[in-house]
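Structure, as structure tokens:
Any read-out appearing in this document is the output of simple, stated calculations on the displayed coordinates, not a laboratory observation. The model shown is predicted, which means the values in this text are computed figures rather than measured ones. We place every Cβ from the backbone using ideal geometry, glycine too, and count neighbours over all the protein chains shown.
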Amino acid sequence: MNNQTTEQLLDAIRREAAQLDIKTQPEPQPLPAEESPSQMSFEQRLRLPSKPAYHYREFLQFDDEAFVRNAFLCILQREPDPAGLQSYLNKLNDGIEKQGILAELSGSEEAKRYGVRIRGLKGYRMIARLRRIRTLRPIAQRLLGLYRRICELPNTEEMNQYRANILQQLSWMSRQLQANERVTAASRDRSEQQALKQAEEVAQIRAENQALSQQLANLSHKIAYQQQTLAARTSEVESDSSTPLISPTSVDDSDVSAFYVAFEDACRGTREEVRDKMSKWLNYLPAIDAGSKQVLDIGCGRGEWLQLLGENGYDATGLDINPVMVNSCTEQGLTASLDDALAWLQRQPDASLAAITAFHVIEHVPFELLLRWTTEARRVLQPGGVLVMETPNPENILVGSHTFYHDPTHRNPITPTLLEFLAEYCGYADSELVRLHPYPEEAKVSGNDPLTERVNGHLCGPQDIALVARVPEAEAAE
């Protein structure tokens, strides 16, 4: 894309963003009381005036049939046919947004004959184009959620520029996805002689789409933090008018948190990969008919483990100090809160939980806090309850000296010896260490002699280790 085209796109998006606060058309005035609503015509009660341009918000005051009829009358200059009316009513009932329906109608060939413009729909038209391609519908749905959040940003000069930059990136992603899908479709139609090349092209496109999906996730996190930072600034100003706004050049906690969420998404793996890795821990939990079904997950992140617990009959609660992570969980219908783990544990009654888990959390906290977590967990777990704490394994030299420090929020590695003694000291029984995720075989040095095996054990052995500690069953009789 040349500079002139880029500037034209930015100008168009800025104009559209500046119009997002347009006032909606005033509602039609009711007729005198002597004429009942049933005697009024549609035009008298609900009809928008005819004009060459509207903003989509003018249509949002109407619902159901009134909305569809106004959309047809204003955009297509005609009443909806029965089949069209029913089709769009069904779409509304299925959760398709009114903006999406307006984008679909205004982008149709029939609408082009009349040239009626509906402002504010650039993003929705982009998403509607993606929805027409079956394989891109899941991505279109994610884009829709992101676009809604963009539109909720306030209409200040700073936010309009921010919105324009985000929309430019989304527009580019949309075009790239459509181009990739066209190449993929063309590759499917090629002859068998080109099968190898086709497979390579499809694999490359999948990798590009995965990268685009990652960019989309990062944009989502940035927007969420932008909203939270604005809300915090507004709250500060309202509580103390003398409080200055945060300087644009300052670095606050939300800047670091936004980076950390993006870093987690980039390095931790997809939701499916994480779910697959964590599913093994279901075998370590008490049976759901063995007492309490309550499970606490400290540092719940994106909620993959909470989701697995719920699917298997447990009542799972997640805690996290990252507001975007908590918001991601609650949007999925999971129970999660922005709370301090120690304070949460201290509020729970004795022997009330079946299990407590903490995956890659304890290396982030000082030992004094880890000791108090472990002690409080011992109190609130039921007899037979289990504590699981997974952390990077410093027995692996590459982990202890290198990969552990990829995460800038890590404090120090925790050794297996310390984990075992911690469980014994706090009164757990039947504790065990579970070593996980060794390097693949191809990473090992070739050879079967004892020295080579020892080297491979130190360099390519398990990258993670978990403490599994249980509360003695005998306490049930006490």
Computed for the range 270-477: size of charge dipole around the Cα centre, +1 on C-beta of each Lys and Arg, -1 on C-beta of each Asp and Glu, debye to nearest 20, value 200
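Go through 430-437, 296-303, 72-79 and give me the packing order, highest mean Cβ count within 10 Å leading.
Per-residue Cβ counts within 10 Å, averaged per peptide and sorted highest first, yield 296-303, 72-79, 430-437.
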Cα-Cα longer than 31 Å, checked against 51/91; 293/444; 91/112; 51/122; 91/277; 122/277, kept in input order, equals 293/444; 91/277; 122/277
re the range 394-449: pairs of Cα atoms spaced beyond 15 Å account for a percent value of 64
extent check for the range 270-477: Cα max minus min per principal axis, descending, whole Å, gives 54, 41, 32
Protection proxy (average C-beta count within 10 Å per residue), highest first, orders 102-115, 456-469 as 456-469, 102-115
Phi angles of the range 113-120, converted by Karplus (6.51 cos²θ - 1.76 cosθ + 1.60, θ = phi - 60°) into ³J(HN,Hα) in whole Hz with x for Gly and Pro, give 5, 9, x, 6, 9, 10, 7, x
